[in-house]
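The values are calculated or read from the model by the stated rules, or taken from the named source; none is laboratory data. Everything numeric here is computed off the predicted structure, so don't read it as measured data. Reconstructed Cβ throughout: ideal geometry from the backbone, glycine too, with neighbour counts over all protein chains shown. Keep in mind that these areas ignore ligands, DNA and RNA; they rest on the heavy atoms of the full protein, side chains included. Shrake-Rupley method; radii C 1.70, N 1.55, O 1.52, S 1.80 Å.
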Amino acid sequence: MTELSERTKANMDVVLEETCHQLPHGGDHDSRKFIAERLIEAAQSGHSTLGELGIIARRALAEIIAKGN
């Protein structure tokens, strides 16, 4: 597992909070964990900008919403 830069970690945190804000009560533990895991995978693959991570997080959020229906 590669070490992520502080900037990447900060970007991941911002994106996670912004994305989970769209869920009721900021999202439950499982939803937040699902999105966070996707963000970690993306960051380890070299996707570290707010834009890139935002896309990954929105896709994960869409999956969560689709599973709920």
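Rounded to the nearest 10 degrees, what's the angle between the helix 29-44 long axis and the longest principal axis of the chain, both from Cα atoms, 0 to 90? For 29-44 against the chain, the angle is about 30 degrees.
Per residue, the Cα convex hull of the chain amounts to 80 Å³.
Taking only protein heavy atoms and a 1.4 Å probe, the accessible area of the chain is 54% carbon and sulfur. The long axis of helix 6-20 is offset from the longest Cα principal axis of the chain by roughly 10 degrees. Per residue, the chain exposes 68 Å² of solvent-accessible protein surface, assessed with a 1.4 angstrom probe and all protein chains in place. Placing unit charges on each Cβ (+1 for Lys and Arg, -1 for Asp and Glu) gives the stretch 2-68 a dipole about its Cα centre, and among C20, S48, L4 the Cα reaching farthest toward its positive end belongs to C20.
Given a cut-off of under 8 Å on Cα pairs at least six residues apart, what relative contact order in percent is computed for the chain?
That works out to 39 percent.
Principal-axis analysis of the Cα atoms of the chain puts helix 50-68 at an angle of about 30° to the longest axis.
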